[in-house]
Every structure is written in structure tokens, then in C-alpha cells.
């Protein structure tokens, strides 16, 4: 569980990227972060992982403030893993297998544990055929999977992904999103930024909306899309499933379908009633 207590961040050029943020990310949730470009999403992520230190305010892991010395950051990054939007920003070893092993090696694990963990995530992400392949020969979709594998190999309690489907075709985007469901557990929080409101609506337990460095919404994914003022200010559209539910005349937000399967079942029931 991570808590921000009146956190602000100002870049050296004077730009205020985060402004007086106070919130708590609950454990074990699937969290989608929405907001237009420049809203502060990437800056927020870099604070979660300790890459940036607040200009003012404090960040806590459970009840302990973040420590920005070498020992504190190493411990933090063993718990909070981040996958950047551009995989080339974090892939630098010779082969896929070597890159995945890099993080666990830096955590000081034994050779046996490193080997077991690398094998586990290679299987999880279906990278067996690529394990000996040089990084620079991979496609963008393959690089993204390797970047995720490298972070997962460290067994983080919190997994952060910055626009994981950006630049991917539908096949690879669906692959990445399928893996996210596989990785989620009651002990592991997954938080990702996305411009895909349809995905956020279907996937997330909790939705955050940022605008101009401030948190303008934190709550239920369905209820968000009744907040027209927030949507307009953040340049967000309503998801297709939400719009269809309104057309079907569903009154209770708790009854809104959150997947195509749920929508199909509701439509069949309505057809039967007619």
C-alpha cells in the first residue's frame, strides 16, 4: 500500500508536474490511470518507483516514508517495478535471457533462485523461442513482453506499466492485456496508464483521472463516466459498453455490463422478456 501525503513536484525549468497530491493506492487492485498528455501520469509513476523525489510532501510504503539512499531505493525497487512506455529505455543486455536475469541479479539473489525465476517468467510470457535472441532483433511487441518479464522476475508487489499497449497492433495489445490478468493476484497491485477508456472500463477495479498534475477522480470505473464535467476537462470519451448500457435503459450503475460477455447476456435477457 502506497500513500502520497501532499506531494508536489517541480521540474528544474519551473514546470509544476504534480500539485499537492494526497491519496492511497490499495493493495491487490487493478488500477487504470487516465488523463491527457502532460497530465502528470509519467511523473507520478516515477515517484512511485523512487526515480523522482518529491519537491514537497512525503510518500509512504505502508507506514514507512520512502528512503532515497542506495539501500532504501534498492529495497523499494524490489517491491515496486515499473515498465516504461518505450522498452528500449530499459532493455540493454545482450540477449532476452540475460536481460530478464539482470534485475534479480542486482537484488543479490542466489544463482538457483535467479535461474528458477527467469525460467518462470519466460514460460509465463511465452518467450521460450526468443530466450537466446539478441534484444536488437526483437519487434516492438516482443520487446514490451521482455521488459515486462524483466520486471516480473523481481517479484514486485506493485507492477506499474506506462502505456503498455502504445504502438502495438491489436494482436500484441490483446496479448499484453491478457498477461496482465494472469499476473494479478490479491497480493499484487497493477497500475497502468492508458488512453483506452474501453479497456480501463472493462479491466480496472479502480480508476484514477489526472489533469494538470492534480487528481480529479479516484473511484469506481462505472461511476466515472457519469461525471460529465470531469470527462470534458480531461478530454475523455465514454466507453462503448457504457453507451450501449444507457441505450438499453439500464438504470442502476451496478448493473452496467463490464464486458462484452455481460452485455450479450443482458441483451439476450431483454430480448427474451420482449
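Annotations
- FRET efficiency estimate (nearest 0.05) - Cβ-Cβ, residue 110 to residue 223, R0 41 angstrom: 0.30
- Pairs of Cα atoms farther than 27 Å apart, the chain, %: 44 percent
- Extension reserve of the residue 129-residue 70 stretch, reckoned as 0.36 nm per residue once the Cα distance is removed: 17.6 nm
- Listed residues 156, 65, 12, most fluctuating in the chain (Gaussian network, C-alpha, under 10 Å): 12
- Degrees between helix 140-152 axis and first principal axis of the chain (Cα, 0 to 90, nearest 10): 70 degrees
- Centre-to-centre separation between the Cα atoms of segment 36-59 and those of segment 135-160: 21 Å.
- Using alpha carbons only: equivalent-ellipsoid semi-axes of segment 1-146, gyration tensor based, whole Å: 31, 19, 14
- Scaled to the globular estimate 2.2 N^0.38 Å, the Cα spread of segment 146-194, given as radius of gyration, is 1.11.
- Among 120, 47, 179, the order by Cβ neighbours within 10 angstrom, fewest to most, reads 120, 179, 47.
- Residue of 137, 84, 60 that the Gaussian network model of the chain assigns the largest fluctuation, springs spanning Cα pairs under 10 Å: 137
- Choice from 35, 103, 219 with maximal GNM fluctuation in the chain (Cα, 10 Å cutoff): 219
- Rounded to whole Å, sorted largest first: equivalent-ellipsoid semi-axes of segment 59-135, Cα gyration tensor: 26, 15, 11
- Taking 0.36 nm per residue of sequence separation and removing the Cα-Cα distance, the residue 60/residue 8 pair yields an extension gain of 17.3 nm.
- One chain, two ends: residue 79 and residue 29. Fully extended at 0.36 nm per residue, the span grows by 16.5 nm beyond their Cα-Cα distance.
- Expected 222 nm ellipticity per residue - DSSP helices of 4 or more, -39500 (n - 2.57), all of the chain, to 500: -11500 deg cm²/dmol
Read the figures in this text as sums done on the coordinates, not as results from a lab. Just so we're clear, the structure is a prediction, and the values are computed from it rather than from any experiment. Neighbour counts are summed over all protein chains in view; Cβ atoms, including those assigned to glycine, are modelled from backbone coordinates with ideal geometry.
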